[in-house]
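This report concerns only the one structure given below.
The values are calculated or read from the model by the stated rules, or taken from the named source; none is laboratory data. Computed from a predicted structure; not experimentally measured. Please note: Cβ atoms are built from the backbone with ideal geometry, for glycine as well, and neighbour counts cover all protein chains shown.
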Amino acid sequence: MTDRYYPQIKVCGLTQPDQAVACAQLGADAIGLVFFEKSPRNVTIQQAAAITAALPSQVSAVGVFVNPSRETLIQTVDRCGLDIVQLHGSESPEFVADMHANRSTRILKALFTAKSPGMTAAGNYDVTGFLVECGQGTLPGGNAKTWNWALAENFGRHFPLILAGGLDPDNVSRAINACLPDAVDASSGLELSPGIKDIEKVAGFITRVKQTEPLYQARHKIIRPILSSLQ
């Protein structure tokens, strides 16, 4: 494995195979698919399966769930060929432990600065990594809200960190500088409309993330491979 000195990149909220492939070709490490009916980016199992089938093998398909039942989660993972599960609700450590005991799928857990579960709960979860955002707004996700990303700096020293919440091409460099995450996650900040990406914004976002490499090298921070293996 080659050391990498800029964050892994997840583009979330994809709804169309061609856009997912375009994001992968631009350098995204993972594509996020939302399985939450109240979200304007919600996808069906059929839509998601078409997207995962189109992705190159090195790009991970991440399914985003909010308080799913065990049966729904397992069925969706299997039918859609998901590589990673992102639990974005109030799922318990016991729920995560049960999934680990019965499945080999990698699990990410969302933690929040403005609601529970907060960052102090991280030690209770046995997961591949944590996505941290503010948790404000009407939906469980970031709701395009920026926040004080520096609040996650200490957390990222101790736990694998995916930074999310209001990220776009104009602010991602500042966000990364604030806390040196292992990965970044963007959705609405890269869109033309909900579920439809602006590919030029995606390209700009990925370019700016890669430009933070000197910052990581200067601080001797090596990326933990949360979203996919690093080639």
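Tabulated results
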{"read-out": "Selection within segment 10-28 - farther than 12 Å from residue 195 by Cα and buried (at least 24 other Cβ atoms within 10 Å of the Cβ)", "value": "10, 23, 28"}
{"read-out": "Residue, farthest from the chain's Cα centre (by Cα), within segment 55-82, restricted to residues that are free of Cβ contacts under 8 Å to residues at least 24 places away in the same chain and under 30 Å from residue 27 (Cβ atoms)", "value": "78"}
{"read-out": "Verdict on residue 93 being in contact with a Gly (Cβ under 7 Å, 6 or more places away or on another chain), more than 30 Å from residue 4 (Cα to Cα), surrounded by fewer than 21 Cβ atoms within 10 Å (Cβ to Cβ) and not small (Gly, Ala, Ser)", "value": "no"}
{"read-out": "Subset of segment 195-230 [part of a loop (DSSP other than H, G, I, E, B), of a type outside the set (A, V, I, L, M, F, W, C) and within 17 Å of the chain's Cα centre (by Cα)]", "value": "195, 224, 225, 228, 229"}
{"read-out": "Qualifying residues in segment 29-53 (those that are within 30 Å of residue 212 (Cα to Cα) and among the aliphatic types (A, V, I, L, M)) - the one surrounded by the fewest Cβ atoms within 10 Å (Cβ to Cβ)", "value": "51"}
{"read-out": "Residue 185 vs. criteria in a strand (DSSP E or B), at negative phi, in contact with a Leu (Cβ under 8 Å, 6 or more places away or on another chain) and not polar (S, T, N, Q)", "value": "yes"}
{"read-out": "Residue 175 being at pLDDT 95 or above, within 18 Å of the chain's Cα centre (by Cα), in a helix (DSSP H, G or I) and not charged (D, E, K, R)", "value": "yes"}
{"read-out": "Residues (surrounded by 17 or more Cβ atoms within 10 Å (Cβ to Cβ) and at pLDDT below 95) located in segment 190-222", "value": "195, 221"}
{"read-out": "Residue selected from segment 60-81 under the condition in contact with a Ser or Thr (Cβ under 7 Å, 6 or more places away or on another chain) and among the aliphatic types (A, V, I, L, M), by the criterion nearest to residue 16 (Cα to Cα)", "value": "61"}
